[in-house]
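A short reminder: the numbers here are calculations on the coordinates, not readings from a lab. Treat the numbers as computed from the prediction; the structure is a model and nothing was measured. Backbone-built Cβ (ideal geometry, glycine too); neighbour counts: all protein chains shown.
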Amino acid sequence: MLVLEVLLISYCNPALPLIPDTRSKDNRTSSMEEIETLWKEVRELSLGDSGRVDHLEFPPNPLQFLRDFVCQNKPCIISNATLHWPALSSWTQDSYLTGALSSADVSLHLTPHGQADALVPLDGSLCFSSAHVQRMPFPEALSLITNNESPSKLVAYAQQQNNCFLSEYSALAADCDPISHGPVRPLAASLMQSTCGLATICRQHHFIRTTMKISTLW
């Protein structure tokens, strides 16, 4: 199963500096328990006792989106926001994608087990691992992404971030209308192509992130 998503970024907060972790294993375990407790309290504060995420049938107006979700740091699910996009029909055909991007070179991310940007065991410890990135023609990249029975058993996906939708995949940009996040316009737009074999760690984003699921193939 191939999932195509458009990721929009509309606002960035200053990122926190990275500080090397020199604590002992016991101290790290204790700290993780404290972080989990804090995470639970923050979730209850943001979502209430129910823990449910608001589901909107139609996009809110900019003021409502800013007031009810952005300022309160609350997630939401919005339905029927992209029904007018040509991508909803054209992107369901891999022949359309390979035709539109036949001459485009894209960044393909390769992982041995589908763990992208994740903590993996290494010499008795944990190491933050990023995917190997290789440039290749889009039709070849799509074949590697969808070929789950490859002898190499690599899990491949395409998502370079850094506004890749308007650079590497610019031939598809006309299939998606511009979308604003309330009072501001998106700063970047990226395209994500992956299968169900891909997993990534939970992380904090210092920006408003909106994910549009466009199509699912196979």
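Projecting label points 7 angstrom from Cα along Cα→Cβ for Ser31 and Phe58 puts them 4.9 nm apart. When Trp91, Trp39, Trp85 are sorted by how many other C-beta atoms sit within 10 angstrom of their C-beta, beginning with the fewest, the order is Trp39, Trp85, Trp91. Sorted fewest first by neighbouring Cβ atoms within 10 angstrom, Thr92, Thr37 come out as Thr37, Thr92. Cβ crowding within 10 Å ranks Cys76, Cys71, Cys164 as Cys71, Cys76, Cys164, fewest other Cβ atoms first. Annotation for Asp177 and Arg67: the two label points, set 7 Å from Cα along the Cα-Cβ direction, are 2.4 nm apart. If R0 equals 22 Å, the separation of the Cβ atoms of Ile77 and Val42 corresponds to a calculated FRET efficiency of about 0.70.
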